[in-house]
Structures are given as C-alpha cells and as structure tokens.
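> Handing you a structure now.
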Amino acid sequence: MLVTTTPNVEGRKISQYLGVVTGEAIIGANIIRDVFAAVTDIVGGRSTAYEEALREAREAALRELQDEAMQRGGNAVIGVDIDYEVLGQGSMLMVAASGTAVVIE
C-alpha cells in the first residue's frame, strides 16, 4: 500500500476518496529506558532507547492506518500526518497518524 504525505500521487489518478483513516500507538517508557535516557542526557549524545521506542510506535501507528484503509477498500493513503505526544508525565509515548484513504489507478 502506498502511504504518502502528499495530497496526490504524481502520474496516478485518484478514482475514489474513502475518508479519513487513523492509527495510534502508545508505548510505555519503562524505568530502565528512563534511567539510560537520564544518563545520556547528562553525558550527552542520543538516547537510542527512546529512539527505538518512537520508531516502534510510529511503525505500529502506520500499520494501523494502512489496515483501516484496506478495510475500506483503499490501496493508498494520502496526506499523512504523524504527531508525537508524551503522556503521563513522560511515562508514555503516543504516536498518532492520520490521512485520507483513497483508491488510485
């Protein structure tokens, strides 16, 4: 399935708009990640534990978005937007993806 942030697909005709589809993923940031992130923040550098958690959440949200589009009969999602939020005083990470399910030819 084609997933794009653009409002159309160059060289392809959108024959049907199927409505807005969404996908959400919430992942708990456990205490070990929090400790390693704190050490990384003090010492400097990147927090690979948090980066991996965000990557997993993003992929899960996009899979859910694609599943909903397929259930509606779509073969693409256009105009995709991905938002990130920290919930519960930093104990949880949420990724929300939304877009428009379409049929392209």
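The values are calculated or read from the model by the stated rules, or taken from the named source; none is laboratory data. Fair warning: this is a prediction, and the values are worked out from it, not measured in the lab. A quick note on method: Cβ atoms are made from the backbone with ideal geometry, for glycine too, and the neighbour counts reach across all protein chains shown.
> Does the stretch 47-91 hold any residues that are of a type in the set (A, V, I, L, M) and at pLDDT below 80, and which are they?
ALA49, ALA53
> Scan the stretch 47-83 for residues that are out of contact with any Ser or Thr (no Cβ under 6 Å at 6 or more places or on another chain), under 11 Å from VAL3 (Cβ atoms) and of a type in the set (Val, Ile, Thr) and jot them down.
The answer is VAL77, ILE82.
> Tell me, which residue of the stretch 75-86 that is of a type outside the set (S, T, N, Q) and either assigned to a loop (DSSP other than H, G, I, E, B) or in contact (Cβ under 8 Å) with a residue 24 or more places away in the chain (or both) is surrounded by the most Cβ atoms within 10 Å (Cβ to Cβ)?
VAL77
> Filter the stretch 87-99 down to the residues that are more than 14 Å from the chain's Cα centre (by Cα) and touching a residue at least 60 places away in the same chain (Cβ under 8 Å) and list them by number.
If the condition is that a residue be more than 14 Å from the chain's Cα centre (by Cα) and touching a residue at least 60 places away in the same chain (Cβ under 8 Å), then LEU87, GLY90, SER91, MET92 are the ones that fit.
> Please go through the stretch 17-46 and give me each residue that is at pLDDT 65 or above, touching a helix residue (DSSP H, G or I) at 6+ places or on another chain (Cβ under 9 Å) and either of a type in the set (Ser, Thr, Tyr) or surrounded by 13 or more Cβ atoms within 10 Å (Cβ to Cβ) (or both), ordered by number.
The answer is LEU18, VAL21, THR22, GLY23, GLU24, ALA25, ILE26, ILE27.
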